[in-house]
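Accompanying notes for the structure given below.
Laboratory data are not the source of any read-out in this text; all were calculated from the coordinates shown. Here the structure is a predicted model, which means the values were calculated and not measured. As a convention, Cβ positions derive from the backbone with ideal geometry for all residues, glycine included, and neighbour counts pool all protein chains shown.
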Amino acid sequence: MSDQIEQVGEEDDEDAYLLGPKTIAAILYAVDIDDRDKLIELMEPLHAADIADLLEQINSYDRARLVRLYDQEFDGEILSELDENIREEVISVLTPQVLSQAVREMDSDDVVDLIEDLEDDQQNTILNALEEVDRVAVRQALSYPEYSAGRLMQREVVMAPEHWTVGEAIDHLRETPEEDLPDQFYHIVIVDPRLHPVGNVTLGKLMRSKRATRLVDLQEETFHVIPAMQDESDVAYAFNQYHLISAPVVDDEGRLIGIITIDDAMAVLDEEHEEDIMRLAGVGEGSLSDRVIETTKQRLPWLAVNLVTAILASLVIAQFEMALAQIVALAVLMPIVASMGGNAGTQSLTVAVRSIATKDLTGANVWRVIRREVLVGLINGLIFAVVMGIVGLIWFGSPGLGYVIAAAMVINLVVAGLAGTVIPVLLDRVGIDPALASGAFVTTVTDVVGFFAFLGLAVLVLL
């Protein structure tokens, strides 16, 4: 058996970092035969994020067996990379000793991210595993509102007084115990006597400057201070907008209490983008690890909304029963107008929602953007009107039908461009997430207008 597992592992050596199917098969085989040494050998090249992906991909039974066999090698960084639902399950499998060691290796911001969504008993288990100083820091971070900079920041900060030189800063870093420094940091924050941050110095400038150089002479031109109560989405926007690498966090009195680094800010930005995409599709914040009942509950409300909108569109069609009975071609061509309008509306909607999220669409340019989308809809409508007019003429031999579908196409694509931009803007103004609610409204508008325009014009022109 050992020869078999070694052969599987060797075949996948080139793909070890990619967590390919052969690697997963070899790892599960090591778990099946209870070969801990081979499991550690196979897992050793993998990054914590890859191990988290592995745990998310396998079933609950195999996941529990793998975690138990991996045991003391389990790294706290793996926990921070796991999906929330899987994370709770893994924590319940870990022994108290392994869990304690894992969380002690994590920065305070990662510990906060780890426990903020856990049940009270699991939170207490992790908090009790921390040193007293770390426990106090985590509890203070948890006292800030969810999704605030205070939750996002890490407490471990490298700071220096204004009068220090490069030599004094380097000596301080060398003399400070490793466990008292962040695992990763990019700046030294310069503070005044009241602990107000006044600037920062990159490690690159620090290392290439002479020891006698004053830190204040090396501070960066771009310096951005973040209030602890600021929303984390605004923090991520600031990092992206001003190309920040790290930024100090201050309390209500302007005193330095923590720091946010680019990796945490970009993680927030990724989460915002992912949420927008999921909400546009009406699937909430679901993941592949969610149970059937949870996924059903997330999707059911928006399917119900879509049902209502479909009924509204059907009521419009019902008003033209006589026309549909007399001209069968209307029933054949009718879905084309609504489908084109829906797709055009989704295009404008996606651009608008993304622009709102990145703060590119504001009151200063909203009317210009609306005009642009309407003109785009008009031009596309005219192009496809010609195409569908010819199709209607050739297919059904009726010039009048060609004129009707051409005119309806123009009307619906113009309305789609207008609705796809105006609706998310209005929802945002009234405090409703445009990514969550815009899709259903835009679809309703394009369906209703498309059917009404096409069938209404057909009644006027053809009957």
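Using C-alpha pairs under 8 Å with a sequence gap of at least 6, the mean separation divided by the residue count of the chain gives a relative contact order of 10 percent. Counting only whole DSSP H helices of the chain, the ones at least 30 Å long by C-alpha along their axis and with mean Kyte-Doolittle hydropathy no lower than -1.0 are 292-318, 329-357, 366-396, 399-429, 434-462.
Counting other Cβ atoms within 10 Å as a rough exposure proxy, the listed residues K359, K22 run K359, K22 from fewest neighbours to most. Exposure proxy shown here: for H163, H224, H187, the number of other Cβ atoms within 10 Å sets the order, fewest to most, as H163, H224, H187. When the Kirkwood radius is taken over all Cα pairs of the range 142-211, what Stokes-Einstein diffusion coefficient follows at 4 °C and 1.567 mPa s, in µm²/s? Answer from the Stokes-Einstein relation: 96 µm²/s.
Packing-based ranking of 77-87, 382-392, 173-183 yields 77-87, 382-392, 173-183, ordered from highest to lowest mean Cβ neighbour count within 10 Å.
Partner aspartates and glutamates whose Cα lies under 14 Å from the Cα of K205, excluding those fewer than 8 positions away in the same chain, are identified as D217, E220, E221. Each label was represented as a point 7 Å from its Cα along the Cα-to-Cβ direction; for M266 and I383 these points are 3.6 nm apart.
If only the Cβ of Lys and Arg carry +1 and only the Cβ of Asp and Glu carry -1, the dipole of the chain around its Cα centre is close to 3540 debye.
The lysines whose alpha-carbon is closer than 24 Å to the alpha-carbon of K38, local same-chain residues fewer than 8 away aside, are K22.
Can you give the calculated 222 nm mean residue ellipticity of the chain, where each DSSP H run of n ≥ 4 adds -39,500 (n - 2.57) and the sum is split over every residue, rounded to the nearest 500 deg cm²/dmol? It lands at -21500 deg cm²/dmol. If you plug the beta carbon distance of E178 and W367 into 1/(1 + (r/R0)^6) with R0 = 35 Å, you get a FRET efficiency near 0.05.
Cα extents for the range 159-280 along the principal axes, largest to smallest and rounded to whole angstrom: 56, 29, 29.
Ellipsoid semi-axes for the range 2-145, based on the Cα gyration tensor and the rule √(5λ), read 31, 14, 13 Å when sorted largest first. Ordered by the number of other Cβ atoms lying within 10 Å of each residue's own Cβ, fewest first, D113, D217, D264 fall into the sequence D217, D113, D264. Entry for the range 292-462 at q = 0.10, 0.17 Å⁻¹: log10 I(q)/I(0) = -0.42, -0.99, Debye formula applied to identical alpha-carbon scatterers, no solvent contribution.
Peptides 116-126, 404-414 ranked from most to least packed, by the mean per-residue count of other Cβ atoms within 10 Å: 404-414, 116-126. With coordinates expressed along the principal axes, the C-alpha atoms belonging to the chain extend over 91, 65, 42 Å, beginning with the largest.
Positive end of the dipole of the chain (Cβ unit charges, origin at the Cα centre): among A267, T309, P248, the Cα lying farthest that way belongs to T309.
Annotation: extensible slack from V332 through L312 equals 5.2 nm (criterion: 0.36 nm per residue apart, minus Cα-Cα distance).
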